Amino acid sequence: MRPTTTPERSAGPRLRVVADADALHEAAAAVFVRCAARAQAEGRDFVVALSGGSTPRGLYRLLARDPWRARVDWSRVVVCQGDERAVPADHADSNFRMAREALLDHVPVAPERVLRIETEHGASEAAARYERSLRAWFRTSEGAPSEEPGRGFDLVLLGLGDDGHTASLFPNSPTLARRDVWVADTDAPTAGPRRITLTYPLLDAAAARLLLVEGARKREALRATLSDARAPMRWPVQGIAMGRGDFDVLADAAAW
Ligand code: 6PG
């Protein structure tokens with residue numbers, strides 16, 4: 001799974017290493033704006049799944065203020081989540097709270113165009129509700145996502161844990177095999193709340209995926225993930241179907 005650097009749609013992830021976290025956020029904002037413009041130029045809403053954790057906070061803050069804020073038509077953006085911890089939406093560990101504080105409170109996305117994982121219902125029910133809302137939005141009541149443009153995410157933002165997980169798809173988790181659902185509730189190996197996560201079908205079907213990796217503690221996981229040695233149960237990013245849509249990896253120098 002050697003990263004490619006060719007500009008066209010590649011069969012594998014395109015790795016780009018930038019100097020530092022600020023450069024990472026700027027480069028990621030450019031991808032976000034490019035993907036939004038592509039969808040909206042086709043007359044569609046731009047439907048994006050936000051990642052959680054700490055890495056994307058700087059990107060969200062950048063998008064929340066000019067000049068980047070003015071480069072997106074937020075009235076035609078639909079914001080979804082890639083995964084969530086099973087905690088209240090105002091909890092310090094909530095991915096939604098982080099995205100709301102860093103981005104959603106500062107851009108004019110209508111509330112009905114924010115598809116939140118409703119953790120107040122408990123992990124299992126929240127997963128079922130979120131899947132229903134995604135299926136309704138993508139007009140696919142059952143089965144695999146459609147390949148039609150606009151029937152899947154235009155962009156999925158992803159992070160990488162130092163153990164190699166992405167979204168809440170953890171190494172060796174039975175959730176990696178769940179292709180019968182678009183959203184699953186799952187345990188996190190580390191102590192802590194259960195998680196709700198997109199499963200591979202919607203990640204595979206996305207028009208673009210952007211994996212953001214920052215910091216030296218991610219270096220081993222990133223190099224293993226992008227190596228030719230395929231072990232998708234150990235390195236879940238490798239389980240994302242290649243060849244359909246774009247797959248960009250942005251890393252700061254410390255992470256590579
Ligand atoms: C989460 C995230 C998770 C995250 C990675 C990286 O809920 O924790 O969605 O997949 O992207 O764990 O987290 P950091 O950015 O905090 O290193």
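Tell me yes or no: at least one residue of region 29-44 is farther than 14 Å from L155 by Cα and among the aromatic types (F, W, Y). If you could, list the steps in order and put the result at the bottom.
Start the filter on region 29-44 by keeping residues that are farther than 14 Å from L155 by Cα, which leaves 41-43.
If we keep only those that are among the aromatic types (F, W, Y) too, we end up with none.
No; the residues of region 29-44 include none that is farther than 14 Å from L155 by Cα and among the aromatic types (F, W, Y).
Take A191 and tell me if it is over 17 Å from the mean Cα position of the chain (by Cα), closer than 19 Å to R14 by Cα and hydrophobic (A, V, I, L, M, F, W, C). I'd like the intermediate steps shown before the answer.
Values: over 17 Å from the mean Cα position of the chain (by Cα): yes; closer than 19 Å to R14 by Cα: no; hydrophobic (A, V, I, L, M, F, W, C): yes.
Judged against the criteria, A191 is not a match.
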Of those in region 51-73 that are away from the ligand (no atom under 16 Å from the Cβ) and in a loop (DSSP other than H, G, I, E, B), the residue surrounded by the most Cβ atoms within 10 Å (Cβ to Cβ) is V72
Those residues of region 146-191 that are of a type in the set (A, V, I, L, M, F, W, C), closer than 16 Å to W235 by Cα and surrounded by fewer than 23 Cβ atoms within 10 Å (Cβ to Cβ) come to a total of 4
| request: Determine whether region 14-24 contains at least one residue that is at pLDDT below 95 and either closer than 26 Å to R219 by Cα or not in a loop (DSSP other than H, G, I, E, B) (or both). | output: yes
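Given the options T166, T140, name the one that is among the polar types (S, T, N, Q) and in contact with a Leu (Cβ under 6 Å, 6 or more places away or on another chain). Before you say what the answer is, go through the steps one by one.
On the way: T140 fails: in contact with a Leu (Cβ under 6 Å, 6 or more places away or on another chain).
From the options T166, T140, the qualifying one is T166.
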In the set W235, W256, the lone residue that is in contact (Cβ under 8 Å) with a residue 24 or more places away in the chain, surrounded by fewer than 19 Cβ atoms within 10 Å (Cβ to Cβ) and of a type in the set (F, W, Y) is W256
Scanning region 75-88 for residues that are more than 16 Å from the ligand (Cβ to nearest atom) and buried (at least 19 other Cβ atoms within 10 Å of the Cβ) gives V77, V78
Scanning region 174-233 for residues that are away from the ligand (no atom under 16 Å from the Cβ) and either closer than 18 Å to G143 by Cα or part of a strand (DSSP E or B) (or both) gives A177, R178, R179, D180, V181, W182, P201, D204, A205, A208
When restricted to T225, T197, T166, the only residue at pLDDT 95 or above and more than 13 Å from the chain's Cα centre (by Cα) is T225
Check your understanding: Just wondering, is there one or more residues in region 117-127 that are within 16 Å of the ligand (Cβ to nearest atom) and touching a Phe, Trp or Tyr at 6+ places or on another chain (Cβ under 6 Å)?
Key -> yes
Only unsatisfied item for A99, checking (1) part of a loop (DSSP other than H, G, I, E, B); (2) surrounded by 15 or more Cβ atoms within 10 Å (Cβ to Cβ); (3) among the small types (G, A, S), is (1)
Here the residues within region 110-163 that are modelled with pLDDT of 95 or more, over 18 Å from the mean Cα position of the chain (by Cα) and part of a loop (DSSP other than H, G, I, E, B) are A110, G122, R139, T140, S141, E142, G143, A144
Checked against (1) away from the ligand (no atom under 15 Å from the Cβ); (2) without any contact (Cβ under 8 Å) to a residue 24 or more places away in the chain; (3) not hydrophobic (A, V, I, L, M, F, W, C), H91 satisfies every condition except (1)
Open item on the list: Tell me yes or no: at least one residue of region 230-245 is at pLDDT below 95, on the phi < 0 side of the Ramachandran plot and of a type in the set (S, T, N, Q).
Closed with: no
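The values are calculated or read from the model by the stated rules, or taken from the named source; none is laboratory data. The structure presented is a predicted model; accordingly, all values stated were derived computationally and were not measured. Heads up, the Cβs are rebuilt from the backbone with ideal geometry, glycines too, and the neighbour counts pull from every protein chain shown.
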